[in-house]
Amino acid sequence: MQTEPRLPEPEALEFLELLKGAPFSAPYAGEIIDWLIRDSSAQPTLEEADLAPAARAVSTLWRYAASGDPGAGEISQRMSDVTHALTLIRDDHYAADHSPRSAHRGAPPVRGRDVRKLCVAVGHSRSLAGPGRAVVIVHHPHDHTVYRPLGALVRSGPPGQSHEKLGREVLAILAPHVRLADRRSCEGSGVLVESLREAVTVAWWSPDPASETGLGHAGPWSAGGLRSLCSTLLRSEGMTISQSGGALLVSR
């Protein structure tokens with residue numbers, strides 16, 4: 001039987017929202033979910049009586065998912081997708097970094113809640129953990145989107161000229177020593193320098209991150225020592241370096 005930790009009420013509420021918005025092949029699955037949610041409030045079990053309503057509903061749904069009753073198998077699968085999304089996507093905002101073959105370019109920052117919805121829609125097998133808390137959504141074998149966490153950076157207003165100038169300085173320092181990313185090429189993996197709203201970031205970028213994430217690390221960025229090399233080069237020029245996930249944050 002599937003057992004899950006009891007969720008705090010805000011997370012349980014989002015769990016139910018994501019589950020009700022998930023794709024189901026069985027047309028009656030949504031009706032079963034609605035009925036179970038209502039029934040959990042009307043007739044709580046002794047073990048669930050102390051739970052808040054949404055957390056009680058999630059517990060009831062897990063119990064049904066393990067029952068073998070009609071629709072239980074697919075409901076269980078979708079609930080696993082929701083759990084995966086809530087575990088994988090923890091940041092408030094993300095920047096969408098599309099593959100070179102994607103038709104969707106230049107998208108604005110995306111809310112973490114919306115990335116979780118997309119993760120549930122494609123399923124856990126096509127939503128992967130990337131380096132530095134990034135999330136990789138695989139649409140087709142040669143079409144994917146990397147969602148890189150922005151955290152509080154997205155709320156800080158437009159980028160200043162000082163960060164753009166610092167970004168150019170960082171590029172000039174690193175270019176003679178490392179391979180820089182070329183996002184126009186399908187073979188353009190390398191070090192990516194970006195001037196974001198409140199910082200300049202240095203990280204590893206690949207046009208095929210799904211294959212890299214399967215190894216459990218970002219290839220030459222962490223295991224090959226490139227991150228340490230970039231940090232040393234920038235510090236030697238008087239820059240201040242900190243880390244956010246797997247990326248370097250650069251300031252003066």
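At 0.36 nm per residue, and after removing the present C-alpha to C-alpha distance, how many nm does the segment from residue 169 to residue 139 gain when stretched out fully?
Working: separation 30, 0.36 × 30 = 10.80 nm, distance 3.57 nm.
Extending this stretch completely gives an extra 7.2 nm.
Starting from the amide H of residue 97, placed 1.01 Å from N in the peptide plane, find each other amide H under 5 Å away whose residue is 5 or more places distant or on another chain.
Under 5 Å from the amide H of residue 97: 146, 147, 148.
Could you rank the peptides 222-228, 88-94 by their average count of other C-beta atoms within 10 Å per residue, with the highest value first?
Put in order of decreasing packing, that is 88-94, 222-228.
All of the numbers you see were taken from the coordinates with simple rules; none came from a lab. Quantities reported herein were computed from a predicted structural model and do not represent experimental measurements. Every residue, glycine among them, receives a Cβ derived from its backbone with ideal geometry; neighbour counts consider all protein chains shown.
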